[in-house]
Amino acid sequence: MPDWSYHTMFRPLLFTLPAERSRRLTLTAIGTLAKCPGGPSLIELMGHMEPPAELSRKHWGISFPTPIGLGAGLDTDARGLSALSQFGFGYIELGPVTRNPVDESGGIERLLADESISYPAPLANMGAAKLAERLERCGHRSLPLACRLSFAPGSSPLEAAQERIEMIEQLSPYCGFFTLDTRQQLLDGWDETAWNLHLSLLAEATKAPLLLVLSPDLPKVEAECLLLPAIRAGIKGVAIAGGISPSSAFGKTSIPQSEAKDTKPPQELSPRRLTGGITREKSIQMVQWIRKSYPNLFMIGSGGVIEPDDALALFAAGADFVQLHSGLIYSGPGLPKRINEAIWQSNHPLRTAELSADSKLSEPDSPTVESHRAPRKFTGQFTGWFSGSLLGIGMVIGGLLALLVALTTVVLPYDEAFLGMRASELQALNPQILPFMSHDRVSLAGTMISIGVIYFQLSRFGLSRQLHWAKQVLLVSGSVGFLSFFLYIGYGYFDILHAVLSLSLFPFFLLAIRQPANKQLSPLPAQVKNDRDWRRSLWGQLFFVIIGCGLTGAGLIISIIGITGVFVPQDLAFLCATPEVLQAYNEKLIPVIAHDRAGFGGALLSVGIAVLLISLWAFRQGESWVWWTLFLGGLPGFASGIGIHFAVGYTDFIHLIPAYVAALLFLVALMLTYPYFCLRKT
């Protein structure tokens, strides 16, 4: 459920359902997908959300891939844990959990105007024992887990400590650290003595890292009363989380009807908690106060993180880690990835070095700073990106030569030698044969030019910056393209020219994919806002994904047809002949046509894969070369594929509908994504 599908399709549908039902449906669906064979690979393919390695952190002996976590309350019972672990988080906090199960005490409600959520308190949970059983079934995972521990209302400090100690023992095999929810003890009215007793019992019983959870709207006096004894007891840090009360948000205990657009009429919500955009200001204020008062205390900030800029604001306020919750619902599952990239782009020293390297490259004796534009040499005088560029140029030249032939003589001397007939004889047998062959060969030539443009761009602007995703696109698409050579001989016709071209270009492909490419990002201004350009680009990305899937599917179908039945009914109608009649003309005619069709299908499959993977992995604000790659790569294919049909009179509407739809989506997608890619913001 990437952002391009979430915002355009799934979110509008899910938001028509009650909040609790849509949450349960979503978590169950993604959790089931992640457990299916190939499910994790599909999630990785669609999202490509692994955090940059430079963002990793280590605390209490635990390695965190990124300082961005998922807070408690969203997936209380670990229904979607397997899938959420692949969303780019550094850890996931489960719970809040109690020893015994808690039934639902009120519905979850959305506050659309504030991009917030209203939760009942306490939240329903299955109990610690069943949660441990579910985690056992989930198996091992490298992503650290945490769990927020609550306790039964009305418990004494001793009873609450015993409950929490029991839960820690049950969950320690799966969770690296625990957070202590403080709301229940505030409701129960514990005094300082009771709190000190509770903390001492926990400190004696467990060595597991414990963090204190403080609500953003907690008065500073009460926060001090909780925090100082906890620090003395050896608490490892504090998490600003848990939402705020409706009275803190609105000055009263009910949500105004204007704020609860998809909820029931106003109701008393005194035990309820609000999370989301409505908590942003109070969360930042609490983080700032704690950082000023306790400079060395580890702190997790959360509350109101709806876009990357909100996370950066919490870091700037003093948070060590930032936790997401409602932002995943309102901004989509790509939010952690966008925040990770914003952190890297905004703060990582590597970006500063790379940005300054442009000016240093012009100074021959300047200190060594490895630029994102500086290629690495590894074989002779050629570099990987330069070899890939030559591969692309070679494909373009080959496509132009094929286009010249297809628009003039149509067939080459070795075609005539194989057939034992001249072109004029074919024309005399059936005047539609040469135009039909021309239409296949022009389409193939245009596709070759498109592939060449894409490979050149990937090499010149992707491999030269050692971008891992660019190398993967070239590897997968190129492998399919070169393997499709064998489709040409499926009917026993060996195309000498194509064989020579393939053998000439294959070494450049091998050199290109040897290029070291381990970088995930280019140094660009961070994309931190859920602005109009970003929202429009999601529609454009959806259309490009559809185009990539369509081209891939069409290439596969045409390849299969080329090595089996060869023709579709519209082809035979244009030729005014049946396969038997064509066979009677010349028994080698169908193999020649099949060779053209299978070759075109293989080339279309290759370019479709490239477009699809670029659409899935390369969408980042300011990467203008990606937009130009899609634009320049698409023009030859669409122009030749549609134009030749009109040139030869093959204008069957049903036959051309897929091309018309794809061309329309192509133009719309380009318009929607241009501001996001090309109007660079600082």
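The values are calculated or read from the model by the stated rules, or taken from the named source; none is laboratory data. This is a predicted model, so every value here is computed, not measured. Here the Cβ is made from the backbone with ideal geometry for all residues, glycine too, and neighbour counts use every protein chain on show. Calculation scope for accessible area: heavy atoms of the full protein, side chains included, ligands and nucleic acids excluded. Shrake-Rupley method; radii C 1.70, N 1.55, O 1.52, S 1.80 Å.
One Cα centroid belongs to region 305-321, the other to region 153-209; the line between them spans 29 Å. For the chain, carbon and sulfur atoms together expose 62% of the accessible surface, with a 1.4 angstrom probe and every protein chain in place.
What does the charge dipole of region 157-238 about its Cα centre add up to, to the nearest 20 debye, if the Cβ of each Lys and Arg holds +1 and the Cβ of each Asp and Glu holds -1? Working shown, then result.
Values: 6 positive and 12 negative charges, 76 e Å.
Once rounded to the nearest 20, the dipole reads 360 debye.
Calculated mean residue ellipticity at 222 nm for the chain: -17500 deg cm²/dmol, from DSSP H runs with n ≥ 4 weighted as -39500 (n - 2.57), summed, divided by the residue count and rounded to 500. Summing Lys and Arg as +1 and Asp and Glu as -1 over all other residues whose Cβ lies under 14 Å from the Cβ of Ala402 gives a net charge of -3.
Considering only region 40-138, what is the antiparallel percent among its DSSP beta bridges, to the nearest 5? Walk me through the intermediate numbers first.
Values: 7 of 9 bridges.
Roughly 80 percent of the beta bridges in region 40-138 run antiparallel, per DSSP.
Considering only alpha-carbon pairs that sit under 8 angstrom and 6 or more positions apart, the relative contact order computed for the chain is 12 percent.
Semi-axes of the equivalent ellipsoid of region 384-435: what are they in whole Å, largest first, if each equals the square root of 5 times a C-alpha gyration tensor eigenvalue?
Working: eigenvalues 216, 25, 8 Å².
Equivalent-ellipsoid dimensions as semi-axes: 33, 11, 6 Å.
Based on the Cβ-Cβ distance from Thr206 to Glu133, what FRET efficiency comes out when R0 is 30 Å, to the nearest 0.05?
Details: r = 21 Å, r/R0 = 0.70.
In this case the efficiency is close to 0.90.
Put +1 on the Cβ of every Lys and Arg and -1 on every Asp and Glu Cβ in the chain; which of Phe666, Leu503, Ile290 then has its Cα farthest towards the positive end of the dipole? Most positive-ward Cα: Ile290. Surface analysis of region 495-546 yields an accessible area of 45 Å² per residue, using protein heavy atoms and a 1.4 Å probe.
Taking every DSSP beta bridge that has both residues in the chain, what percent is antiparallel when rounded to the nearest 5? Show your work: numbers first, answer last.
Details: 14 of 43 bridges.
Percent antiparallel among DSSP bridges in the chain is about 35.
What number comes out for accessible area per residue over region 389-445 if the probe is 1.4 Å? Units Å², please. Write down the numbers at each step before the final one.
Details: 2360 Å² over 57 residues.
In whole numbers, region 389-445 has 41 Å² accessible per residue.
Given +1 at the Cβ of Lys and Arg, -1 at the Cβ of Asp and Glu and no other charges, the dipole of region 1-102 around its Cα centre is 300 debye to the nearest 20. Under 14 Å from a point 7 Å along the Cα-to-Cβ line of Trp539: which residues of region 638-682 have their amide N that close? Residues 665-676 fall inside that zone.
Look at where the Cα atoms of region 637-682 and of region 45-59 average out, and the two centres are 36 Å apart. Considering every Cα-Cα pair within region 267-329, what fraction, in whole percent, is farther apart than 18 Å? Percent of Cα pairs beyond 18 Å in region 267-329: 35. Once the Cα atoms of helix 308-317 and of the chain are each reduced to a long axis, what angle between those two axes, in degrees from 0 to 90 to the nearest 10, is obtained? Helix 308-317 sits roughly 40 degrees off the main axis of the chain.
Would you work out the charge dipole size for the chain about its Cα centre, treating the Cβ of every Lys and Arg as +1 and the Cβ of every Asp and Glu as -1, and quote it to the nearest 20 debye? Show your work: numbers first, answer last.
Numbers: 53 positive and 54 negative charges, 162 e Å.
The dipole of the chain has a size of about 780 debye.
Placing unit charges on each Cβ (+1 for Lys and Arg, -1 for Asp and Glu) gives the chain a dipole about its Cα centre, and among Ile339, His439, Met1 the Cα reaching farthest toward its positive end belongs to Ile339.
For the residue pairs Lys58/Lys236; Lys35/Lys471; Lys292/Lys337; Lys207/Lys292, alpha carbon separations beyond 25 Å are given by Lys35/Lys471; Lys292/Lys337; Lys207/Lys292.
Starting from one equal scatterer on each C-alpha and no solvent at all, send me the Debye-based log10 I(q)/I(0) for region 70-129 at q = 0.23, 0.30 Å⁻¹, two decimals. Relative scattering, expressed as log10 I(q)/I(0), comes to -1.00, -1.17.
Accessible area ranking (1.4 Å probe, heavy atoms, ligands and nucleic acids excluded), largest first, for Ile290, Ile609: Ile609, Ile290. Extending 7 Å from the Cα toward the beta-carbon at both Thr409 and Glu104 defines two label points whose distance is 7.5 nm.
Placing unit charges on the Cβ atoms of the charged side chains and taking the dipole of the chain about its Cα centre, the candidate lying farthest along the positive direction among Phe461, Ala132, Ser640 is Phe461.
Gain in length, Gln288 to Ala639, computed as 0.36 nm per residue apart minus the alpha-carbon separation, to one decimal in nm? Provide the component values of the computation, followed by the final result.
Numbers: separation 351, 0.36 × 351 = 126.36 nm, distance 5.80 nm.
Stretched fully, the Gln288-Ala639 segment lengthens by 120.6 nm.
Extending 7 Å from Cα along the Cβ direction at Phe646 and again at Cys36 yields two label points whose distance is 4.2 nm. Its Cα gyration tensor gives the chain an equivalent ellipsoid, and the semi-axes of that ellipsoid, as √(5λ) in whole Å with the largest first, are 59, 27, 21.
Full extension of the segment from Ala428 to Leu572, taken as 0.36 nm per residue of separation minus the current Cα-Cα distance, would add 50.1 nm.
Take Met46, Met448 and sort them by solvent-accessible surface of the protein heavy atoms, 1.4 Å probe, largest at the top.
On the way: Met46 60, Met448 20 Å².
Reading off the accessible areas and sorting them downward yields Met46, Met448.
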